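Here is the structure we will look at.
Please treat every number below as a calculation from the coordinates, not as lab data. Just so it is clear, the structure is predicted and the values come from calculations on it, not from any experiment. Every residue, glycine as well, gets a Cβ built from its backbone with ideal geometry; the counts of neighbours run over all protein chains shown.
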């Protein structure tokens, strides 16, 4: 009788214990999340079952702030959207206002802008790819690439005086022409950067460990990516060659000849490789722009002729009545601006960065909505990491290049 | 050339060196600060540049970033702290062991910066005490390094009894921190 | 297949939805269609499903507030057809103090957070949204920040002297 009560557990009983899930809180100050994203993960051992992202930890009310600032003063806000490539945001905003007021820029200005924007794209992709390296355990690449990033900063400094939040350019052009040192530094960068980038590629792109870590981590299928509103390198890694520089060319991008790299799987490795290829293409665009600039007849203009929006030179402000009046009007935001609504988008470091501007003719935008690529594609993150390891989730996040400033606006 | 840090003032003779404990501890602490980078936005990217080879934060004995607040000496707050983030920052500060220092990097952390909006905390000194402020939006890496050097000065010259003093306790109490 | 033009879209939509299409304009070469609020989702669904249109991508959507106008609130949607490389903007106005719009989450997954953001900023409600909560602001925030009457500045700041700043 007694023996009947003793039940020997069958071996399968050990193999299939009752499912228990662990809840892990990742963030908001976790070092591997580069910024502040909180994810509450439901884990089955090492496998992520569910995750719940919380954002808004650096919500700074850009859209509200923009409604209270004159058009020229919105530029510093756009700096802080995607701070890894602020010049693209600045230019995007300037082009939006130029579209609203109907200004046509000289070719030379557009080419100069292309050079700055492509430099910014390189610096954006450097951060992303270097950080993918760091998160997969290769700190060396980070140190190599950041050395080069300093050189891009030095070029910015020659052009506008700032390093990171550049506030580059003005509505109607650039605030000053590139000086000789800037050209020299760009030449030097174009000569030296390929060597470093090649070395970085040798270090990672065919590295067995890196490939094992990244291939198949955080994949997203193309239809799903489209439905989630992916744009930029992340969409291209999933396999669609959508690039605003080609689809809706702005700033004379139609004059340039460049390839759009695409991936197939939409996983971390593809996103890494797409960004890597884009850096090469950006360098080629910069070279083409320099060649085109040399062939232009116009060698001096660096802004369009829009006295209502473009600050007059200091000499004119101090010595002429008209210059002083324009200066005062522009600084106080008293210039006439047409009513209307306009949408302009540029290919930012992370995808389609759009500016939807409603103007009521007043000194400030009536409503300004930023279409922020990070905000839109980050919502796919829980789906992308589902069924992956926790360490893959970290890599997925860094390869998506989610920038907190752009995410939370 | 590698320059080893100078010994503090003291009495030296064959086989012995005597100085006060304060100075000795101050020197040791100064050159082995473990910073906790609380990087939220733009200034964090400048901090990455500071960590890079060009500016080389490691020269000041601080290359070992401590991501755990329990082991950190120096809290470097870089970037905008939104009101939603405030409690998190405060908790991180409370988790740090004494002695602890706080470096507020950038205009946003110091005063809210250009973001005088409903959602942004107008300076982290509203919730935690700050030792050194670094201005700039964002500050250059040189400025961040300078801020760390100022912290090092404070660390070196701090009396061992400061954290037990009534004044310090009152300071913490004014922030509601036990 | 004929190329998609503003006229083609306007005619097709007018045939389909008749007087629910309130106005069609094209400021700055951007087709903007104002539709009645009760058919906004049907219009978007139609543009999504119709093979000649193929608007499969939701670029962005956001709320608008015009406190002095007859129609106080509006929702703006921007769709993109990659195949035709054509963009269209749809607007649906309402005068309701607490507007309710249909959620697009079952057509576009991207609409999820965009609608949460709009809820967070304007207080619009979206029927059929799986998880309508504040997304960027704290849950404890009162009011809807992007409505025009909401003050921009932090009300708890004491160190500002209005006489100095001239505001």
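Quick notes on this one:
- Residue mean of other protein chain beta carbons inside 10 Å, A:71-82: 2
- Counting beta carbons within 10 Å around each of B:101, C:144 and listing the fewest first gives the order C:144, B:101.
- Calculation over all alpha carbon pairs of region C:76-132 in 10 angstrom steps from 0 returns a P(r) of 21, 51, 23, 5 percent.
- Note on A:161-172: average number of Cβ atoms from other chains within 10 Å of each residue's Cβ is 2.
- Helix-only arithmetic for chain A: the sum of -39500 (n - 2.57) across DSSP H runs with n ≥ 4, divided by the residue total, places the mean residue ellipticity at 222 nm at -15500 deg cm²/dmol.
- Debye log10 I(q)/I(0) at q = 0.15 Å⁻¹ for chain B, Cα point scatterers: -0.87
- Net length gained if the chain between residue A:299 and residue A:21 were fully extended (0.36 nm per residue, minus Cα distance): 93.4 nm
- Ordered by the count of other Cβ atoms within 10 Å of each Cβ, fewest first, B:36, A:164 give A:164, B:36.
- Pairwise inverse Cα distances across region A:256-358, averaged and inverted, put the Kirkwood hydrodynamic radius at 18.2 Å.
- Counting beta carbons within 10 Å around each of A:111, B:175 and listing the fewest first gives the order B:175, A:111.
- Comparing mean-square fluctuations of A:87, A:219, A:382 from a GNM of chain A with C-alpha springs under 10 Å, the top value falls on A:382.
- 0 to 90° range, to nearest 10: angle between helix C:40-49 axis and chain C longest Cα axis: 50 degrees
- Folded to 0 to 90 degrees: helix C:111-122 orientation relative to chain C principal axis, Cα: 40 degrees
- Counting DSSP beta bridges with both ends in chain B, the antiparallel % (nearest 5): 25 percent
- Efficiency of FRET from Cβ geometry, residue A:386 and residue C:134, R₀ 22 Å, rounded to 0.05: 0.35
- Of all DSSP beta bridges confined to chain C, the antiparallel ones make up roughly 70%.
- For chain A, the longest principal axis of the Cα atoms and the long axis of helix A:180-204 meet at an angle of about 10 degrees.
- Rg/Rg_ref, chain A, where Rg_ref = 2.2 N^0.38 Å and atoms are Cα: 1.14
- As a size descriptor, the averaged projected area of the C-alpha convex hull of region A:296-409 was calculated at 11.4 nm².
- Helix-only CD estimate at 222 nm, as mean residue ellipticity for chain B, using -39500 (n - 2.57) per DSSP H run (n ≥ 4): -10500 deg cm²/dmol
- Considered as an equivalent ellipsoid built on the Cα gyration tensor, region A:288-332 has semi-axes of 30, 11, 7 Å, the largest given first.
- Dimensionless Rg/Rh of the protein assembly as shown - Kirkwood Rh, Rg from C-alpha atoms: 0.99
- Förster radius 22 Å - calculated FRET efficiency between residue B:17 and residue B:160, Cβ distance, rounded to 0.05: 0.70
- Beta bridge orientation in the protein assembly as shown: antiparallel %, DSSP, nearest 5: 70 percent
- Relative intensity, log₁₀ I(q)/I(0), of region A:80-226 from a Debye sum that treats every alpha carbon as a point, q = 0.15, 0.18, 0.20 Å⁻¹: -0.86, -1.05, -1.17
- Comparing mean-square fluctuations of A:334, A:322, A:110 from a GNM of chain A with C-alpha springs under 10 Å, the top value falls on A:322.
- From the Kirkwood radius over Cα pairs of chain C, Stokes-Einstein at 4 °C and 1.567 mPa s returns a whole-number translational diffusion coefficient of 74 µm²/s.
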